[in-house]
Amino acid sequence: MDAETMHAQALDLYKAGSLKESVKEFEMARAMFVEQGDPAKAATVANDLGVVYYLLGRHADARQVLLEAQQVFEKHGDATGQARTIGNLAQLMNRAGDKDNAEKGYLRAADLFHQAGERGFEYDSYRALSQMQLQRGHWIEALAAYDRALAAKGGSGALRAFLQIPLRLLGVRQ
């Protein structure tokens with residue numbers, strides 16, 4: 001079986017909820033891409049593997065493979081890949097209680113998605129940031145992040161106009 005087929009099979013197992021089984025396939029696909037000298041595809045698989053590790057509670061493993069993938073994406077100038085791994089790392093940090101670094105990660109991911117023209121993922125990053133800020137009691141920051149999410153998605157003009165009122169009153173927007 002080739003690396004592409006193994007990666008596809010791992011994704012199918014993941015989608016079916018067979019997380020432990022998908023780990024083996026992801027790990028083998030990643031190793032095959034490394035052996036073939038294709039670090040970009042190995043990083044893509046590593047990003048997927050990091051998500052599965054996270055879901056299985058293997059947070060240290062998730063962090064390690066996501067950091068490795070992020071470095072490869074950065075080296076190859078892949079803004080979308082880098083943004084995905086940074087967003088996944090931000091989620092991991094958020095759940096681990098490292099809220100300040102999670103916030104930085106969500107902002108960086110949103111910026112990279114914006115650069116890559118990935119408006120849907122940019123929206124998701126700002127929305128996750130907004131939810132985290134709400135949980136922390138940072139209401140104004142959460143409102144501003146949600147406004148950016150709507151802007152990324154081309155959100156409702158009426159809702160965005162309404163959101164601008166408190167932001168302007170507090171000097172966050174002009």
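Each reported figure results from applying straightforward, stated rules to the coordinates on display, with no laboratory input. What you see is a predicted model, and the numbers here were worked out from it, not measured in a lab. Note that we place each Cβ from the backbone using ideal geometry, even for glycine, and neighbour counts take in every protein chain shown.
If I take every Cα pair under 8 Å that is 6 or more residues apart in region 1-96, average their sequence separation and divide by the length, what percent do I get for the relative contact order?
Worked out over region 1-96, it gives 21 percent.
Work out the charge dipole of the chain with +1 on the Cβ of Lys and Arg and -1 on the Cβ of Asp and Glu about the Cα centre, then indicate which of Leu55, Gly37, Val72 is farthest towards its positive end.
Leu55
In the chain, what is the volume of the convex hull around the alpha carbon atoms, normalised per residue and reported in Å³?
123 Å³
Which number gives the lysine pairs in the chain that have C-alpha atoms under 28 Å apart and are eight or more places apart or on different chains?
Lysine pair count for the chain: 12.
What value, in deg cm²/dmol to 500, does the helix sum -39500 (n - 2.57) over DSSP H runs of n ≥ 4 give at 222 nm once divided by the residues of the chain?
Details: 9 runs with 146 residues, N = 174.
Value at 222 nm, helices only, nearest 500: -28000 deg cm²/dmol.
Output the relative contact order of the chain, whole-number percent, from Cα pairs under 8 angstrom with separation of 6+ residues. Don't jump to the answer; show the numbers that get you there.
Values: 228 pairs, mean separation 19.6, N = 174.
Taking the mean separation of contacting Cα pairs over the length of the chain, I get 11 percent.
I'd like the distance separating the alpha-carbon centroids of region 33-100 and region 106-149, in whole Å.
Comparing the Cα centres of region 33-100 and region 106-149, I get a distance of 19 Å.
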